[in-house]
Structures are given as C-alpha cells and as structure tokens.
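Asker: Just dropping this structure here.
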Amino acid sequence: NAEQYFRELLDKRERRYEDLCRNIINDMNQYGLSVVDDFLGMEKGLQILNEVGCMYNSGAFQDGQLVHNMRTDARSAVRGDKIRGDKIKWVGGTEPGCSNVCYLTNQIDSVIYRVNTMKDNGILGNYHIRERTRAMVACYPGSGTHYVMHVDNPNKDGRVITAIYYLNINWDARESGGILRIRPTPGTTVADIEPKFDRLIFFWSDIRNPHEVQPAHRTRYAITVWYFDAKEREEALNRAKQENSRNNAIAAQQAEPDSTTPA
Ligand SMILES: Cn1c(O)c(C(=O)NCC(=O)O)c(=O)c2ccccc21
Ligand SMILES: [Mn+2]
C-alpha cells in the first residue's frame, strides 16, 4: 500500500545517505580528500547556478586579485601585463537573493555534522566541528586565470575541512583547463579534480593538502565553505587576542611621552 511504499522509499534514502557518509569517512581517512558526484541533483544544482549567475551579472563580486597573465603570446609576456584573477563574493546566507546558496550550505552542514559524529569515523573523530565560515562564491572569468599552489590553513587558524561545490555544466578540462590539482603530502600522488557540475569535494584544510587551480579558459564557478575544529579555533582566537593586546600595549607605550623625554 502507499504508506508501505513511502516508508521503503524513505528507508532507501536514509541508507543511501548513510552509505554516502561512510564513503566520505573512508576517503578522508585513507586519502585526506573525498569526491561526491551528483550531490544535489540537476534541478537544485541549476537553481544554485542561476542564483550565482545573477549575483555575478549584478556586479556583486569584488574584483579578482591582479595576477600575471598566463597567456604565452610574446606581447603580453613582454609587457608582463596583469589580468584580474578569481573574483569572489562572501555569502552569509541571510541576504536576499541567496536562498539557494543557503540551501547548499545547509546540506553540506548536515553531511559534515553527521560524519563528525558517526562511530568509527577515524581522524574525523579527533575534531569537534560546530561552526564554519560563510560561503565564498568564486568565479574564474576564464582567459587563463588560475590560483597558485597554496595551503588553505598553514598556521592553525582553526579550519580543518575545506568543502567545495562546483557548478560548471559539461566542463571538459582538456579544452577548458581549470583542474583542481591537490598534492597530498606526504606522498607522491597527485589528485586532479575537474570542477564538474553538482560535484562536492572535501579535503583537510591544513598542510596535508597543498593545491592549485590550473589556468581556466572558460568561466569557472565554485562555492567554498571551511569548517572549524572548536579547540583549534579557540586557541587561534586566544593567540590573536594576546597578540592584539601586546600590540596595543606597545603602541600605548610609544604614544605616551615617557618621563625620561624632556618636556
Ligand atoms: C578563489 N579562491 C580559490 O579558488 C581557492 C581554491 O583553493 N580553490 C580551489 C578550487 O576552486 O578548486 C582558495 O583557496 C581561495 C582562498 C582565498 C581567496 C580565494 C580563493
Ligand atoms: Mn584553496
């Protein structure tokens, strides 16, 4: 009967979700990264892409950083002219016109909180994830824009997991480039990940995963959120506070004419 049917349907979805989370736990423990394809499905993915496209066309993205032109033709190389690289927009989730980005971050949140609390979750069990950054919507406008090899969190600022959701329909890296290349350390392997539509990836944010975005020759959209470990985050904030009060003390001392200087 109908009730029986829907209960089985829900059970199947729940099992699929469990399997998804189990796979992420295994990947993160084994490789330090995990790739999930078809995370939200075509319909939801398109709604997010449309919303991001509107933001971009409305000029809401701040200008990308100035980077050296990757084009190889002599003219630009001689002039060393610069082009604008990635353009980003931070989305908190409450502003108007970002309900779909907000839906995405809620979906990623529930996966992260689940894998962080499931039993036998290995390294993930060492963290206590209770908060994240806002969503960083990024657009590479093509024409060779790239992002140099870097580590997201090289100095224990609290961020432990990077989550990136891609929006690029029919992306073919052979002609459009834009591959995310992760070089997990220690190790000699390289993970080349195409920024495919409705693809979600996770990787440790610290020095275990240096990565780069290779030159993109087509508009390339991605949405990133970073998840904090409560302890590492608190320690980072305390260090910043001490640093801040130390600087204030020094500044105050320099500002005050001390008694030894002649009036
Ligand atoms: C635009 N953009 C990035 O694309 C990546 C990044 O690692 N992206 C990986 C990717 O898009 O596959 C970043 O890590 C990043 C950090 C600070 C500011 C902007 C940034
Ligand atoms: Mn990065």
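The values are calculated or read from the model by the stated rules, or taken from the named source; none is laboratory data. Keep in mind the model is a prediction, meaning the values are calculated, not measured. Positions of Cβ are generated from backbone atoms using ideal geometry, with glycine treated the same way; all protein chains shown enter the neighbour counts. Please note that ligands, DNA and RNA were not included when accessible areas were found on the heavy atoms of the full protein model with its side chains. Shrake-Rupley method; radii C 1.70, N 1.55, O 1.52, S 1.80 Å.
Asker: If a residue must be part of a helix (DSSP H, G or I) and either free of Cβ contacts under 8 Å to residues at least 12 places away in the same chain or touching a strand residue (DSSP E or B) at 6+ places or on another chain (Cβ under 7 Å) (or both), how many such residues does segment 24-48 contain? Working first, answer last.
Answerer: Pass one, segment 24-48, residues part of a helix (DSSP H, G or I): 24-30, 42-48.
Checking which are either free of Cβ contacts under 8 Å to residues at least 12 places away in the same chain or touching a strand residue (DSSP E or B) at 6+ places or on another chain (Cβ under 7 Å) (or both) leaves us with 24, 26-28, 30, 43, 46.
Total meeting the criteria: 7.
Asker: It is to be established whether one or more residues within segment 214-222 are touching a residue at least 12 places away in the same chain (Cβ under 8 Å), within 12 Å of ligand 1 (Cβ to nearest atom) and surrounded by fewer than 19 Cβ atoms within 10 Å (Cβ to Cβ).
Answerer: The first filter runs over segment 214-222 and keeps only residues touching a residue at least 12 places away in the same chain (Cβ under 8 Å), leaving 214-222.
Now narrow it down to the ones that are within 12 Å of ligand 1 (Cβ to nearest atom): 214, 216, 220-222.
Now narrow it down to the ones that are surrounded by fewer than 19 Cβ atoms within 10 Å (Cβ to Cβ): 214.
Yes, some residue in segment 214-222 is touching a residue at least 12 places away in the same chain (Cβ under 8 Å), within 12 Å of ligand 1 (Cβ to nearest atom) and surrounded by fewer than 19 Cβ atoms within 10 Å (Cβ to Cβ).
Asker: Of all residues in segment 129-152, count the ones that are more than 10 Å from ligand 1 (Cβ to nearest atom), within 19 Å of N116 (Cβ to Cβ) and not in a strand (DSSP E or B).
Answerer: Selection size over segment 129-152: 1.
Asker: Working carefully through the options I193, I207, find the one that is β-branched (V, I, T), open to solvent by less than 40 Å² (accessible area, probe 1.4 Å) and either within 16 Å of ligand 2 (Cβ to nearest atom) or within 18 Å of the chain's Cα centre (by Cα) (or both). Full working, then the answer.
Answerer: Values: I207 fails: open to solvent by less than 40 Å² (accessible area, probe 1.4 Å).
Only one candidate passes the filter, namely I193.
Asker: Can you name every residue in segment 117-128 that is open to solvent by 30 Å² or more (accessible area, probe 1.4 Å) and outside any helix (DSSP H, G or I)? Break it down into steps so the answer makes sense when it comes.
Answerer: In the first step, residues of segment 117-128 are kept if they are open to solvent by 30 Å² or more (accessible area, probe 1.4 Å); the result is 117, 119-120, 122-123, 125-128.
Those that are open to solvent by 30 Å² or more (accessible area, probe 1.4 Å) and outside any helix (DSSP H, G or I): K119, D120, Y127, H128.
Asker: Cβ-Cβ below 7 Å, separation at least six or inter-chain, first residue in segment 135-158 and under 30 Å from R239 (Cα atoms) and open to solvent by 10 Å² or more (accessible area, probe 1.4 Å), second away from ligand 2 (no atom under 13 Å from the Cβ) and assigned to a strand (DSSP E or B): which pairs?
Answerer: M136/W90
Asker: If the requirement is being near ligand 1 (Cβ under 10 Å from one of its atoms), buried (at least 19 other Cβ atoms within 10 Å of the Cβ), in contact (Cβ under 8 Å) with a residue 60 or more places away in the chain and over 21 Å from C21 (Cβ atoms), which of these qualifies: I182, I201?
Answerer: Working: I201 fails: over 21 Å from C21 (Cβ atoms).
Going through I182, I201 in turn, the sole match is I182.
Asker: Right, next: Can you find a residue in segment 165-178 that is of a type in the set (A, V, I, L, M), more than 14 Å from T219 (Cα to Cα) and surrounded by 21 or more Cβ atoms within 10 Å (Cβ to Cβ)? Spell out the reasoning first.
Answerer: The initial filter retains those residues of segment 165-178 that are of a type in the set (A, V, I, L, M), namely 167, 169, 173.
Narrowing further to those that are more than 14 Å from T219 (Cα to Cα): none.
Checking segment 165-178: not a single residue is of a type in the set (A, V, I, L, M), more than 14 Å from T219 (Cα to Cα) and surrounded by 21 or more Cβ atoms within 10 Å (Cβ to Cβ).
Asker: Can you spot a residue in segment 154-175 that is more than 20 Å from I24 (Cα to Cα), touching a Lys or Arg at 6+ places or on another chain (Cβ under 8 Å), within 14 Å of ligand 2 (Cβ to nearest atom) and outside any loop (DSSP other than H, G, I, E, B)?
Answerer: Looking for residues that are more than 20 Å from I24 (Cα to Cα), touching a Lys or Arg at 6+ places or on another chain (Cβ under 8 Å), within 14 Å of ligand 2 (Cβ to nearest atom) and outside any loop (DSSP other than H, G, I, E, B), one finds none in segment 154-175, hence no.
Asker: Right, another one. Scan segment 202-230 residue by residue and report those that are assigned to a loop (DSSP other than H, G, I, E, B) and under 13 Å from A163 (Cβ atoms). Quick ask: steps written out before the conclusion?
Answerer: Step one: of segment 202-230, the residues assigned to a loop (DSSP other than H, G, I, E, B) are 205-210, 217-219.
Matches in segment 202-230: S205, N209.
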